[in-house]
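> My structure is below; once you've seen it, I'll send some questions.
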Amino acid sequence: RFASLESYVVGGGNRLAFTAAQSITQRPGHVTPLYLHGPTGCGKTHLLEGVWSAMRSEYRSCRALYLSAEQFTSYFLEALHGGGLPGFRRKTRDVDLLLVDDVQFFAGKRATIVELQNTIDTLVRSGRQLVLAGDRAPNALTELGPEFNARVSGGLVCSLDAADFDTRLGITSHLAVRMGIPLTTDVRNYIATKVAGDGRQIAGSLNRLRATSEALKQPITLDLAVDALQDILQTCDQLVQLADIEKAVCSAFGVTPKLLRDDRKSKAVSHPRMLAMWLARKYTRAASSEISNFFGRRSHSTVISAEKKVNGWVANGATVQVGPGSYRATDAIRRAELLLRSG
């Protein structure tokens with residue numbers, strides 16, 4: 001069963017994307033394509049499923065097709081080698097709504113990318129609704145080519161942030177009610193604080209709590225939650241943290257943590273800070289507000305601006321000033337990532 005928009009927990013990091021999803025169900029084809037991007041677990045797939053469900057419910061005759069990028073590729077290659085291209089194109093283009101998830105999967109698949117671009121053109125020209133989702137902004141998906149970026153950017157692009165504490169708390173409360181698990185306020189707060197910003201992990205934690213409670217025939221208390229979720233939380237702690245990003249950037253470019261938080265706008269200071277924020281968006285599940293606070297910024301918009309800036313550097317092959325040296329943006333990122341992986 002697909003998720004619904006009604007069950008989506010709205011927070012500061014996903015409000016624009018949710019509003020956009022709602023609006024296209026009310027006025028299909030008015031803004032097309034809609035492209036959603038963000039890290040794993042931020043709710044992209046939930047929104048796509050919610051749009052599909054809402055359209056099928058609101059418009060009984062709506063022809064809606066939901067595919068992952070892997071499914072689109074598999075069906076296309078089967079049609080290409082089996083002589084069934086006309087049937088495949090009828091299936092993907094003679095629809096009122098086409099949703100394609102995980103578009104980063106198309107990287108390196110040139111023939112499939114061209115087919116997707118032609119599908120986008122057909123649907124946009126006829127005013128039908130297209131919704132796409134990926135893990136990065138369109139201009140950061142360089143493997144898909146500038147033509148894909150141009151087509152997607154002509155619609156509406158919305159970023160989703162990893163869930164912050166309030167959103168995680170809302171997800172925890174919503175899932176607990178849906179699963180029929182009674183939780184006290186302190187247990188809800190504990191889960192929202194300790195479990196990374198991913199609805200799947202929160203659901204897994206609640207399943208563990210229920211199973212433990214039933215096995216021990218004990219109510220779910222804070223002490224039981226701490227004991228029951230110990231190994232799950234250890235796994236969460238092994239994920240990349242903001243401090244790991246800071247350490248890698250400082251080691252890679254010979255800068256200090258104090259410098260990353262400095263208010264100076266010189267390139268030697270601002271460039272490594274923007275790279276650190278970009279890496280934090282890519283490798284951690286921290287919300288933009290948490291990233292901005294960690295690096296001494298006042299607003300989450302500085303993180304969004306930094307992400308766009310670094311994506312532009314990568315797309316244009318720009319050279320950046322990081323500490324005492326200069327590097328091509330891709331080389332600078334690779335240098336920091338190598339240290340991040342090595343710990």
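The values are calculated or read from the model by the stated rules, or taken from the named source; none is laboratory data. Keep in mind the model is a prediction, meaning the values are calculated, not measured. Quick reminder, even Gly has a Cβ in these numbers, built from the backbone with ideal geometry, and neighbours come from all protein chains shown. Ligands, DNA and RNA are excluded from the accessible area calculation, which covers all protein heavy atoms including side chains. Shrake-Rupley method; radii C 1.70, N 1.55, O 1.52, S 1.80 Å.
> Answer yes or no as to whether residue 36 is open to solvent by less than 60 Å² (accessible area, probe 1.4 Å), over 19 Å from residue 138 (Cα atoms) and aliphatic (A, V, I, L, M).
Here the answer is no, as residue 36 does not meet what is asked.
> Considering 5, 47, which residue is more than 13 Å from the chain's Cα centre (by Cα) and touching a residue at least 24 places away in the same chain (Cβ under 8 Å)?
5
> Where the second residue is in a strand (DSSP E or B) and open to solvent by 50 Å² or more (accessible area, probe 1.4 Å) and the first is free of Cβ contacts under 8 Å to residues at least 12 places away in the same chain and lies in the stretch 301-324, which pairs have Cβ atoms under 6 Å and are six or more apart or on separate chains?
These pairs meet every condition: 319/326; 319/328.
> Sticking with this structure for a sec: Any idea which residue in the stretch 280-300 is farthest from residue 339 (Cα to Cα), counting only those that are in contact (Cβ under 8 Å) with a residue 24 or more places away in the chain and of a type in the set (Lys, Arg)?
285
> In addition: If residue 301 passes every condition in (1) within 23 Å of the chain's Cα centre (by Cα); (2) surrounded by 14 or more Cβ atoms within 10 Å (Cβ to Cβ); (3) polar (S, T, N, Q) but one, which one does it miss?
(2)
> Exactly one of these conditions fails for residue 111: (1) over 29 Å from residue 284 (Cα atoms); (2) touching a strand residue (DSSP E or B) at 6+ places or on another chain (Cβ under 7 Å); (3) free of Cβ contacts under 8 Å to residues at least 40 places away in the same chain. Give me its number.
The number of the failed condition is (2).
> Got a number for residues in the stretch 39-75 being open to solvent by 60 Å² or more (accessible area, probe 1.4 Å), of a type in the set (D, E, K, R) and in a helix (DSSP H, G or I)?
3
> What's the number of the condition residue 256 fails, among (1) closer than 30 Å to residue 269 by Cβ; (2) touching a residue at least 40 places away in the same chain (Cβ under 8 Å)?
Of (1) closer than 30 Å to residue 269 by Cβ; (2) touching a residue at least 40 places away in the same chain (Cβ under 8 Å), only one is false for residue 256: (2).
> Considering 176, 162, which residue is in a loop (DSSP other than H, G, I, E, B) and out of contact with any Phe, Trp or Tyr (no Cβ under 6 Å at 6 or more places or on another chain)?
Testing whether each residue is in a loop (DSSP other than H, G, I, E, B) and out of contact with any Phe, Trp or Tyr (no Cβ under 6 Å at 6 or more places or on another chain) leaves just 162.
> Just to be sure, is residue 108 touching a Gly at 6+ places or on another chain (Cβ under 9 Å), loosely packed, with under 15 Cβ neighbours inside 10 Å, at positive phi and of a type in the set (Gly, Ala, Ser)?
no
> For residue 3, indicate whether it is part of a helix (DSSP H, G or I) and either of a type outside the set (Phe, Trp, Tyr) or open to solvent by less than 20 Å² (accessible area, probe 1.4 Å) (or both).
Considered against the rule, which asks whether it is part of a helix (DSSP H, G or I) and either of a type outside the set (Phe, Trp, Tyr) or open to solvent by less than 20 Å² (accessible area, probe 1.4 Å) (or both), residue 3 comes out as no.
> When residues of the stretch 306-343 are filtered for being among the small types (Gly, Ala, Ser), assigned to a helix (DSSP H, G or I) and touching a helix residue (DSSP H, G or I) at 6+ places or on another chain (Cβ under 8 Å), how many remain?
Number of matching residues: 6.
> Might you check whether a residue that is crowded, with 16+ Cβ neighbours inside 10 Å, in a helix (DSSP H, G or I) and in contact with a strand residue (DSSP E or B) (Cβ under 6 Å, 6 or more places away or on another chain) occurs anywhere in the stretch 270-290?
Within the stretch 270-290, one or more residues are crowded, with 16+ Cβ neighbours inside 10 Å, in a helix (DSSP H, G or I) and in contact with a strand residue (DSSP E or B) (Cβ under 6 Å, 6 or more places away or on another chain).
Okay, residues lined up against (1) open to solvent by 80 Å² or more (accessible area, probe 1.4 Å); (2) in contact with an Asp or Glu (Cβ under 6 Å, 6 or more places away or on another chain); (3) within 23 Å of residue 201 (Cβ to Cβ):
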position	(1), (2), (3)
240	no, no, yes
248	no, no, no
252	no, no, no
258	yes, no, no
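> Could you tell me whether any residue of the stretch 214-226 is open to solvent by less than 40 Å² (accessible area, probe 1.4 Å), within 30 Å of residue 178 (Cα to Cα), in a helix (DSSP H, G or I) and touching a residue at least 12 places away in the same chain (Cβ under 8 Å)?
Within the stretch 214-226, one or more residues are open to solvent by less than 40 Å² (accessible area, probe 1.4 Å), within 30 Å of residue 178 (Cα to Cα), in a helix (DSSP H, G or I) and touching a residue at least 12 places away in the same chain (Cβ under 8 Å).
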